[in-house]
Amino acid sequence: MSLAIDPALLAALWRERHPSGPPVAHTFRTRYADRWVRFHSLPGSKRHPESEDEYAILLDRYNTILDELFADTDVFVVTMDWSDTPTGPEGYPTPRRTLHPDSVRWWTESDQGDPDPEFHTHTRLYADRRR
């Protein structure tokens, strides 16, 4: 069951607790090196499952970690998509809406470093709060 969240309050909470940068996952390893951790999800440090058995291993390991860290606690579930405009359609089809239907957009991080607008990207984060 999803609990209502206020996107502005969630963004303010992020900025208060993590002032070093935006909540964009690929930046965490360097921006939050003192807190960053990677869990090897498959045997032999394999990164991507290639069979139903490997998906089952991955799901079991993720659930074990989540149960240890967050049992009986509300957590924010965050998913994302990308676009070439802040509010336009997704840059490519994803199952995000199906997998995370109750989420609300709470952050858009725009990368407009390239002088050519065709290469600008907008990472949009969606969140909900769950027990």
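The values are calculated or read from the model by the stated rules, or taken from the named source; none is laboratory data. Source: prediction; values computed, not measured. Glycine also receives a Cβ, built like all others from the backbone with ideal geometry; neighbour counts cover every protein chain displayed. In case anyone asks, the SASA skips ligands and DNA or RNA and just uses the protein heavy atoms, side chains included. Shrake-Rupley method; radii C 1.70, N 1.55, O 1.52, S 1.80 Å.
For the reader, a short list of remarks on this structure follows.
- Residue 79 vs. criteria in contact with a Lys or Arg (Cβ under 9 Å, 6 or more places away or on another chain) and surrounded by 12 or more Cβ atoms within 10 Å (Cβ to Cβ): yes
Each row is one residue, and each column tells you yes or no for (1) in contact with a strand residue (DSSP E or B) (Cβ under 7 Å, 6 or more places away or on another chain); (2) β-branched (Val, Ile, Thr); (3) under 30 Å from residue 46 (Cα atoms).
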site	(1), (2), (3)
63	no, no, yes
66	no, no, yes
71	no, no, yes
82	yes, no, yes
96	yes, no, yes
105	yes, no, no
130	yes, no, yes
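- Unique match (being surrounded by 10 or more Cβ atoms within 10 Å (Cβ to Cβ) and more than 19 Å from residue 13 (Cβ to Cβ)) among 90, 109: 90
- Near pairs, Cβ below 8 angstrom, 6+ apart or cross-chain, from the stretch 88-111 (more than 13 Å from residue 127 (Cβ to Cβ) and among the acidic types (Asp, Glu)) to any residue that is outside any loop (DSSP other than H, G, I, E, B) and open to solvent by 80 Å² or more (accessible area, probe 1.4 Å): 90/82
- Positions within the stretch 13-40 being loosely packed, with under 10 Cβ neighbours inside 10 Å, in a helix (DSSP H, G or I) and either of a type in the set (A, V, I, L, M) or within 16 Å of the chain's Cα centre (by Cα) (or both), in sequence order: 26
- Sole residue being touching a residue at least 12 places away in the same chain (Cβ under 8 Å) and farther than 14 Å from residue 125 by Cβ, chosen from 16, 54, 68, 50: 54
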